[in-house]
Amino acid sequence: MKAFDAEILLIEDNQDDLDLTLHALKRENLANNILIARDGEEALDFFFCRGNYAERNFDAPPRLVLLDLKLPKVNGIEVLQQVKSDPRTKSIPVVVLTSSKEELDLVRSYNLGANSYIQKPVNFTEFRQTVKHLGLYWLVVNQPAPQGACEPAGQEP
Amino acid sequence: MKNQNMSPAEVLLVDDNPADLDLARDLLIANEHPRQVSAVTDGEDAVAFLRREGRFTSAQRPDLIILDLNLPRKNGWQVLEEVKADPKLRSTPVVIFSTSEAPRDIGNCYRLGANSYVRKPGNLQDFMAVIQSIGQFWFQNACFPRREEQ
């Protein structure tokens with residue numbers, strides 16, 4: 001399968017949350033091209049065009065990444081740290097979507113460069129509404145970095 | 001609708017165009033009821049406000065900064081760079097709100113650590129819709145780090 005040009009990358013290991021998020025995105029017609037990574041290692045392979053994603057190109061970044069923090073193999077904070085400290089991947093919008101209520105996770109995520117942080121609502125209706133709002137904002141209103149913007153550092157204004 | 005841990009947000013608007021500033025502030029207040037919308041009109045005042053310096057010693061640290069790029073005295077990129085290089089400020093999300101569509105402008109903002117880039121529309125109806133989307137996403141759904149009281 002050549003799922004290299006995903007519009008949304010969903011990094012989530014919990015099947016219920018995955019189903020709910022996909023369902024909400026489909027209802028809003030925001031789910032044209034979603035790729036799912038079920039652990040942090042697979043997510044990093046995607047970001048850095050390695051392993052199963054070796055044929056992917058850095059010039060075709062997803063418009064939105066939804067990142068859970070509690071992940072098998074490599075946790076979400078580590079994924080965020082690696083993605084946001086590399087000029088090739090830094091500009092990809094990453095929204096943390098987590099059940100964590102820890103202030104430490106929130107502050108650390110923003111400090112590492114998370115574009116936003118959302119606590120998963122426990123209530124089904126609210127969860128759907130949240131996914132709708134975040135999908136509309138990040139896929140329609142937000143302007144992504146231009147392609148080819150992932151150049152080496154040193155081009156500051 | 002709001003997440004249980006959320007209190008009304010404090011916002012800092014930075015824009016040198018008084019008409020844009022007033023409209024954005026009125027729309028945010030009308031739609032989302034943030035606790036406070038503060039406004040400054042140039043980049044130096046923005047940094048002074050955030051650091052509570054000069055005439056801003058009693059300023060509230062905002063949860064969200066909405067920042068124009070072409071500003072007098074210190075431009076938006078410089079403000080962004082200072083915010084994201086300051087350990088006390090860097091966790092505060094910054095939404096760039098500018099008329100520029102230049103890929104270079106947008107790319108530079110993300111390189112400097114902007115959390116989001118929203119194009120400022122020229123016509124009133126689109127302007128209203130965009131401000132509403134900003135308010136809806138950030139104030140109804142996103143979580144902000146707790147404000148440290150000083």
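The values are calculated or read from the model by the stated rules, or taken from the named source; none is laboratory data. Source: prediction; values computed, not measured. Cβ: placed from backbone, ideal geometry, glycine included. Neighbour counts: every protein chain shown.
Quick notes on this structure:
- Scope the range B:75-85; condition more than 11 Å from every other protein chain (Cβ to nearest Cβ) and farther than 16 Å from B:F144 by Cβ; matching residues: B:V79, B:E82, B:A85
Matching residues to (1) of a type in the set (A, V, I, L, M, F, W, C); (2) more than 30 Å from A:V131 (Cα to Cα); (3) touching a strand residue (DSSP E or B) at 6+ places or on another chain (Cβ under 9 Å):
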residue: B:A24; (1), (2), (3): yes, no, yes
residue: B:L28; (1), (2), (3): yes, no, yes
residue: B:E82; (1), (2), (3): no, yes, no
residue: B:P93; (1), (2), (3): no, no, yes
residue: B:G107; (1), (2), (3): no, no, no
residue: B:S116; (1), (2), (3): no, no, yes
residue: B:Q125; (1), (2), (3): no, no, no
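- Residue check, B:S133 within 10 Å of chain A (Cβ to nearest Cβ), modelled with pLDDT of 95 or more and surrounded by fewer than 23 Cβ atoms within 10 Å (Cβ to Cβ): no
- Criterion applied to A:V95, A:V140 was being facing chain B (nearest Cβ under 9 Å), within 23 Å of B:A129 (Cβ to Cβ) and modelled with pLDDT under 95, and the one residue passing it is A:V140.
- Residues of the range B:38-67 that are buried (at least 21 other Cβ atoms within 10 Å of the Cβ) and either in contact with a helix residue (DSSP H, G or I) (Cβ under 6 Å, 6 or more places away or on another chain) or at positive phi (or both): B:V40, B:G43, B:A46, B:V47, B:F49, B:L64, B:L67.
- Restricting the range A:48-67 to residues that are within 10 Å of the chain's Cα centre (by Cα) and crowded, with 21+ Cβ neighbours inside 10 Å, the residue that is modelled with the lowest pLDDT: A:P62
- Top-ranked residue of the range B:17-51 - restricted to ones that are of a type in the set (D, E, K, R) and at pLDDT 95 or above, ranked as nearest to B:P72 (Cα to Cα): B:D42
- For the range B:86-102, taking the residues that are in contact with a Gly (Cβ under 8 Å, 6 or more places away or on another chain) and facing chain A (nearest Cβ under 9 Å), the one that is farthest from B:V47 (Cα to Cα) is identified as B:I96.
- Failed condition for A:A114, given (1) assigned to a loop (DSSP other than H, G, I, E, B); (2) surrounded by fewer than 20 Cβ atoms within 10 Å (Cβ to Cβ): (2)
- Matching option when the condition is touching a residue at least 24 places away in the same chain (Cβ under 8 Å), within 15 Å of B:Y110 (Cβ to Cβ) and either of a type in the set (D, E) or away from chain B (no Cβ under 12 Å) (or both), among A:F58, A:F48: A:F58
- A:F127 vs. criteria out of contact with any helix residue (DSSP H, G or I) (no Cβ under 6 Å at 6 or more places or on another chain) and of a type in the set (F, W, Y): no
- Among the residues listed as A:A6, A:A31, A:A43, the single one being away from chain B (no Cβ under 12 Å), among the aliphatic types (A, V, I, L, M) and in a helix (DSSP H, G or I): A:A43
- Selection count, the range B:103-130, where residues are more than 10 Å from every other protein chain (Cβ to nearest Cβ) and surrounded by fewer than 18 Cβ atoms within 10 Å (Cβ to Cβ): 8
- Candidates in the range A:83-92 are the residues that are within 18 Å of B:A85 (Cα to Cα) and at the interface with another protein chain (Cβ under 10 Å from one of its Cβ atoms); of these, the one that is surrounded by the fewest Cβ atoms within 10 Å (Cβ to Cβ) is A:P87.
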